[in-house]
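Engineer: Let me give you the structure first, and then I'll get to my questions.
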Amino acid sequence: MEPVTKRNRAAWEVASEKHVREYRDLLDQARNGSSLFACELDLLRPMLMSSPDIVHLQSGHGLDDIALVAAGAKSVLGVDFSEVAATAAQRRADELRVPCRYVVAELPGAPLCDECADLVYTGKGALIWMPDLRAWAKDAARLLRPGASLFVYEAHPAVPLWTWDEDEPRIRPDRGYFERSHVNDTFPANGAVEWQASLGEIINAVISAGLRIQHVAEYAEPFWRPDDVSAAAWRGRLPNSFSLVARRE
Ligand SMILES: C[S@@+](CC[C@H](N)C(=O)[O-])C[C@H]1O[C@@H](n2cnc3c(N)ncnc32)[C@H](O)[C@@H]1O
């Protein structure tokens with residue numbers, strides 16, 4: 001494992017302790033509602049009608065996996081390099097008796113069979129940890145059965161630029177859209193190096209993996225709002241998230 005990935009993994013093991021501390025709260029959330037956004041459900045609904053086997057790359061606390069099963073998935077296989085996160089997610093899934101299974105592995109390159117998924121689901125803070133998006137896209141594509149889809153719902157690549165000022169949206173003077181990386185200075189990844197890619201680079205990475213893009217959309221709503229922050233950048237004028245669906249023909 002590369003030293004930077006090793007450091008990120010150590011940081012995520014610590015950050016994922018939150019999923020253990022908040023185990024009961026997250027269990028209640030999973031039991032009583034769906035963590036999937038309305039825009040995700042709208043896009044996923046037709047794919048979920050065929051009861052797909054889903055692989056969730058960078059599955060984190062796993063709440064989305066429980067929601068995906070509730071929305072129609074036959075099974076979800078979550079992959080994450082945090083043992084703490086995967087163990088907590090497995091415990092929750094077992095307690096709720098949902099068909100979710102977790103593998104602890106580094107991505108890209110997890111030991112999963114080619115063509116094991118009808119749908120690969122990922123996002124919500126996943127792509128920023130991938131230094132080589134073409135390698136990531138190639139790895140995601142090899143998991144897809146013919147006719148299967150890659151689904152991404154992710155922070156918009158412009159998000160690192162927005163300040164969290166409450167009066168007016170502003171652009172941070174220390175960040176650039178076309179930079180290669182930046183250091184995160186907020187929770188939960190404070191101090192970690194996050195990789196940047198423009199929307200064009202993300203789309204081209206997916207195309208380079210041989211997938212056919214079927215949908216791209218940008219949204220004003222962020223996928224995550226830290227408690228006690230109400231940034232003007234999240235009030236509808238700027239892009240804060242995007243979705244992408246691509247199919248293996
Ligand atoms: C912001 S979390 C998002 C997780 C999930 N989408 C969610 O909403 O809970 C990012 C996750 O990516 C995992 N991760 C980061 N880099 C990784 C890598 N190279 N291989 C596997 N997992 C990784 C972390 O352990 C963490 O659980």
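The values are calculated or read from the model by the stated rules, or taken from the named source; none is laboratory data. These numbers come from a predicted model, not from an experiment. Neighbour counts are summed over all protein chains in view; Cβ atoms, including those assigned to glycine, are modelled from backbone coordinates with ideal geometry.
Engineer: Please find, within the stretch 196-212, the residue that is nearest to the chain's Cα centre (by Cα) out of those that are part of a loop (DSSP other than H, G, I, E, B) and not aliphatic (A, V, I, L, M).
Structural biologist: Result: GLN196.
Engineer: Is it the case, given these coordinates, that VAL55 is away from the ligand (no atom under 12 Å from the Cβ), within 18 Å of the chain's Cα centre (by Cα) and assigned to a helix (DSSP H, G or I)?
Structural biologist: Answer is no for this residue.
Engineer: What residue, of ASN8, ASN32, is among the polar types (S, T, N, Q) and within 12 Å of the ligand (Cβ to nearest atom)?
Structural biologist: ASN8
Engineer: Being within 13 Å of the ligand (Cβ to nearest atom) and either under 17 Å from the mean Cα position of the chain (by Cα) or not polar (S, T, N, Q) (or both) is the filter here, so list the residues in the stretch 78-92 that pass it.
Structural biologist: GLY78, VAL79, ASP80, PHE81, SER82, GLU83, VAL84, ALA85, ALA86, ALA88, ALA89, ARG92
Engineer: For residues that are at pLDDT below 95 and either under 26 Å from LEU112 (Cβ atoms) or not in a loop (DSSP other than H, G, I, E, B) (or both), tally how many sit in the stretch 31-52.
Structural biologist: Final tally of qualifying residues: 3.
Engineer: Restricting the search to the stretch 15-30, which residues are assigned to a helix (DSSP H, G or I) and free of Cβ contacts under 8 Å to residues at least 40 places away in the same chain?
Structural biologist: Selection gives ARG21, ARG24, ASP25, ASP28, GLN29.
Engineer: State the number of residues belonging to the stretch 185-203 that are over 12 Å from GLY125 (Cα atoms) and either touching a residue at least 60 places away in the same chain (Cβ under 8 Å) or surrounded by 15 or more Cβ atoms within 10 Å (Cβ to Cβ) (or both).
Structural biologist: So the count comes out to 8.
Engineer: May I pose another question? Specify which of the listed residues (GLY147, GLY62) is of a type outside the set (Val, Ile, Thr), more than 29 Å from PHE178 (Cβ to Cβ), within 9 Å of the ligand (Cβ to nearest atom) and in contact (Cβ under 8 Å) with a residue 40 or more places away in the chain.
Structural biologist: Values: GLY147 fails: within 9 Å of the ligand (Cβ to nearest atom).
Answer to the check: GLY62.
Engineer: Quick one: count up the residues across the stretch 156-176 that are more than 20 Å from the chain's Cα centre (by Cα) and assigned to a loop (DSSP other than H, G, I, E, B).
Structural biologist: Residues meeting the conditions: 13.
Engineer: Of the residues that make up the stretch 99-110, is at least one away from the ligand (no atom under 12 Å from the Cβ), surrounded by fewer than 22 Cβ atoms within 10 Å (Cβ to Cβ) and at pLDDT 95 or above?
Structural biologist: yes
Engineer: Considering every residue within the stretch 184-195, establish whether at least one is in contact with a helix residue (DSSP H, G or I) (Cβ under 6 Å, 6 or more places away or on another chain), part of a helix (DSSP H, G or I) and closer than 23 Å to GLY60 by Cα.
Structural biologist: No: zero hits.
Engineer: Which condition does ARG92 not pass, out of (1) basic (Lys, Arg); (2) under 24 Å from ALA10 (Cβ atoms); (3) in a strand (DSSP E or B), if it passes all the others?
Structural biologist: (3)
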